[in-house]
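Only one structure is covered here, and it is reproduced in the block below.
The values are calculated or read from the model by the stated rules, or taken from the named source; none is laboratory data. Since the structure is predicted, the reported quantities are computational estimates derived from the model, not experimental observations. Here Cβ is always computed from backbone atoms with ideal geometry, including for glycine, and neighbour counts include all displayed protein chains. When the accessible area is computed, the model is the full protein with side chains, heavy atoms only, and any ligands, DNA or RNA have been set aside. Shrake-Rupley method; radii C 1.70, N 1.55, O 1.52, S 1.80 Å.
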Amino acid sequence: MDSDGLAATDPTEIKVGELLKEVVLDHFPAFSKLVDDTVSAIKRAIAKIPDDLKVTADEAPGFVRDIGADKVEFKFKKPKYIEIGGSYSIQCVTKPELNVDLFVRLPKECFLEKDYLNYRYHAKRCLYLCIIKKYMKRKSSALRVEWSTLQNEARKPVLLVFPAEKLEVPGFFVRIIPTAPSLFNISKLNVKRNNVRALNQGDVLQPTPIYNSSILEDMFLEENAEFVRKTFHGLRELREALILLKVWARRRSSIHVHDCLNGFLISIILAYLATHDKINNSLKAVQIVRITLDFLATSKLWSRGLYFKEQGQDCFPKEERMQYKEIFPVVICDSSSHVNLAYRMTSAGFIELQDEAHLALKCIQKCIDGGFDELFMTKVDFPAKYDYCIRLKLQGNSEVYASGFCLDDECWRLYERKVYSLLRQGLTDRVNFIRVVWRNTASGCGIENGLSTLDREQLLIGISVSSVEKAFRVVDVGPNAENKDEALKFRKFWGEKAELRRFKDGTIAESTVWETEQWTRHLILTRIVECILQRHLSLPKERIVQMTDQLDFSLLNGVKDSMSHSGGLLGALEVLSKRLRLIEDIPLRVSSVQPLDSAFRLTSVFLPEPHPLVNEKGNLTRLRTQCPSCIQPLEVMIQLEGSGNWPMDDIAIKKTKTAFLLKIGESLEHKWGMTCTATEDDVDVFFSGYAFRLKILHERGLSLLKREVGSNQLKRVPSTDKKLFISGQHSNMINGLQGQYPIYGHVVRLAKRWVASHLFSACLVEEAVELLVAYLFLKPLPFNAPFSRITGFLRFLRLLADYDWTFSAMVVDINNDLTLYDKKEINDNFALSRKVYEENPQNVNPAMFLATAYDKESEAWTRCAPNSLYGKSTIRFQSIMDLGQALLLVGLKNTIEMLQPTR
């Protein structure tokens, strides 16, 4: 393609093309030979197994015992069908998971007519694989065999076969999946029937729809795989869309999991769209992805389910549709009308899937290059996605499987739902989403030894907060006292925490109260979770690990957070502002007072404590045992009324401002007895325990700065006025953001603490840190804006480490002030700053381009530092990026790593 054609190409398509080159498995001859050789070795090993070999429960005694199966003996027969299926058969294997599915059909001779009852099928299925595994290990030294499971379902193990020799394709393995077409009578596995006799209530047998679906899945696995193969045959764009959606899902650990989405379900959904004319052959892969995401997020078809029509069938019978929807939260019924392919999907998993699809659509609409980086490159894991992450250590907890490992569903899935239900009931409207995931069956587990060891992995809980006001409220109001049934349920749920209270409106209702100090209110949700889990699951506190307050120690001044002084500081500022405006014995009265210091916008790591000696004259307080020997001055900018009598000379202006400051200090001392000290540039006012440093912004400098000025005029603006104006603009913007996102200030404080702890304060000023954190809240996609300080801090570190600082300007538009012309100007300024990169890639200055409405050239905070040059005396910016993702706040690395999600 010529240069003109390349320039006209959509940059999103270019990026997608490069991504596909990276993740699509190239079926080059050497790899195809490797697959063929491995499959051939498996077939040879199976062929050497003698027919009529007696198979008993001794091959997997623990497994047979734990699932409660009986009558499992059979004589081994060789499979008559061993064929490759899955993604490899449609050329959609997506790196880095280079597995090839090998379907092994279970012989009908090994099963009895009623083996669908009481887990006999599952037991024989496992025993059949045990024999295959034994003979592969015995007959073939070129293969390494491990256990795994199908979609984290422990009762359905599969075999992973790895070539023993070192490979040019690392990570490759073959997954042996048993299939069972026509093995049992379909009517006996209807979702309304009971096939696990132990599942009963008195004399009434309960339906076992999940158990039945588990068997039906194997019976129709070959048929559904063939349907997908035929649908995708010859459609390159559809295959590419499947690969892109796999990449999208895998980057999101909350949906690429057993109770939500997997590669096979994605292919089934795409096949549904293709066979129901929702997509056509003329669409590109990116367009198909967008249509699929929109279908996931907004389609009303999910309310009744997705149904494939059988050949010659006009529509799916309404009675059967109703039957499926009564039992399963999500229905994707195959063309046979017998299997709900989404029988594992829970309502919580589907809600999470729809939310992620909504966010993906927002990324496509609002982010550059169609949201490519946000969709396919950004890792959306539990710690970065959720505001609160909790791990439950359940190893050895017999309560998990007290009623049996497997009845209709597995005990681990029942426990997930129990935890979800309890938290949803207790947290009410404090949260938007709760995600409970237990990845209990990792590869390499010893299935034949039983299921009791499958609790080694910790159960992971993610909680997304609805709002700070709701999440941090102190009182939860329950049912009215007159509603005795509901009040009894409330007291039963909360136990000793429930109490009857009378409210201001006269209402008497059950309630729970979570009294705490203001600076620890973010821990209320933590206390609620602990209370619920301890009361209803009998979990000791040490088995509940919450990622909430691990970093709080870094913000404590002594034993308390310095934010507890914020009320006194802001109150003192308000009084000072009123007094300044009331001064009458100066030629020009004070028109406005604007605080500049970060303490006033609550983003200072440690707010200054009131000093006992800093008070009005004659108002002495008793000294504390330990008292600071110096006082941090807090800058405050004041402006005077307009006047045409100001001098034009810069030196004369400076002297006039000094005279005004002296007179202001004198007036404060005489009228209110305040202590003041003055210099040529400012006056310090000591009041209510704090030192306020007053500075004057001259109106002529202000008027010049507010205009669209050229470079020659800008030089005429006094540097002090320019600095004051920019600081004032910055402070206004941050204060506005703080009002919109109450958690913002705490995230900034953690970020500043980390920067200072690593000695980066000299090259990354606090205003720059505030803008970086602001960017997280203003442009959170592919996440929602954070509602917890630790989640915001993790995203801050990721932003430092992952943002493309060399080729991308960061535009922080807090008030939506920037027009298209402004953004073009910023991009031009950025391009100009990067011209030097072509000559010397190591000499990029500024290394971090932070543009705002008041600073379109990134001169205010990052002009000289961070510096990307090697050999400089300052710490180079690359060090920040290298350390950013390491989470090196002292003593916390292991804690944060522990909170990262499992496989």
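General observations
- For residue 88, the accessible area of its heavy atoms, probed at 1.4 Å with every protein chain present, is near 30 square angstrom.
- When log10 I(q)/I(0) by the Debye sum over Cα atoms at q = 0.07, 0.08 Å⁻¹ is computed from the coordinates, the matching label among (i) -0.72, -0.89; (ii) -0.60, -0.80; (iii) -0.53, -0.71 is (i).
- For the set 385/856; 655/722; 246/418; 379/856, the pairs lying more than 20 angstrom apart at their alpha carbons are 385/856; 246/418; 379/856.
- Across 289, 575, the residue with the most accessible area heads the list, and the full order at a 1.4 Å probe is 575, 289.
- The residues 810, 563, sorted by heavy-atom accessible surface at 1.4 Å with ligands and nucleic acids left out, run 563, 810 from largest to smallest.
- The alpha-carbon of residue 393 sits under 14 angstrom from the alpha-carbons of these aspartates and glutamates, leaving out residues fewer than 8 places away in its chain: 416, 455, 457, 530, 542.
- At R0 = 60 Å, FRET efficiency that the Cβ-Cβ distance of residue 83 and residue 679 yields, to 0.05: 0.10
- For the chain, share of DSSP beta bridges that run antiparallel, in % to the nearest 5: 75
- Applying both filters, DSSP loop and at most 14 other Cβ atoms within 10 Å, to the trypsin sites (Lys or Arg not before Pro) of segment 80-109 gives 80.
- A 1.4 Å probe run over the protein chains yields, for the chain, 45 Å² of accessible area per residue, whole-number rounding.
- Per-residue HN-Hα couplings for segment 738-744 [Karplus 6.51, -1.76, 1.60; θ = phi - 60°; Hz; x = Gly/Pro]: 4, x, 7, 10, x, 7, 4
- Cα shape, segment 516-636, gyration tensor, a/c 1.5 rule: prolate
- Protein-only accessible surface order, largest first, of 372, 787 at 1.4 Å: 787, 372
- Vicinal HN-Hα couplings computed from phi for segment 63-70 (Karplus, 6.51 cos²θ - 1.76 cosθ + 1.60; Hz; Gly/Pro x): 5, 4, 5, 6, 8, x, 8, 9
- Between helix 221-232 and the chain there is an angle of about 60 degrees, using the helix long axis and the longest principal axis of the Cα atoms.
- Sequence-ordered 3J(HN,Hα) estimates for segment 19-32 from the Karplus curve with 6.51, -1.76 and 1.60 and θ = phi - 60° stand at 4, 4, 4, 6, 9, 6, 6, 7, 7, 6, x, 5, 6, 4 Hz, glycine and proline given as x.
- Summarising the amide proton neighbourhood of residue 208: residues at separation of 5 or more, or on other chains, whose placed amide H is nearer than 5 Å comprise 193, 194, 195.
- Helix 566-582 axis, angle to the chain major axis (alpha carbon atoms, nearest 10°): 30
- Note on residue 468 and residue 421: the model spin-label points, each 7 Å out from Cα along the C-beta direction, lie 3.6 nm apart.
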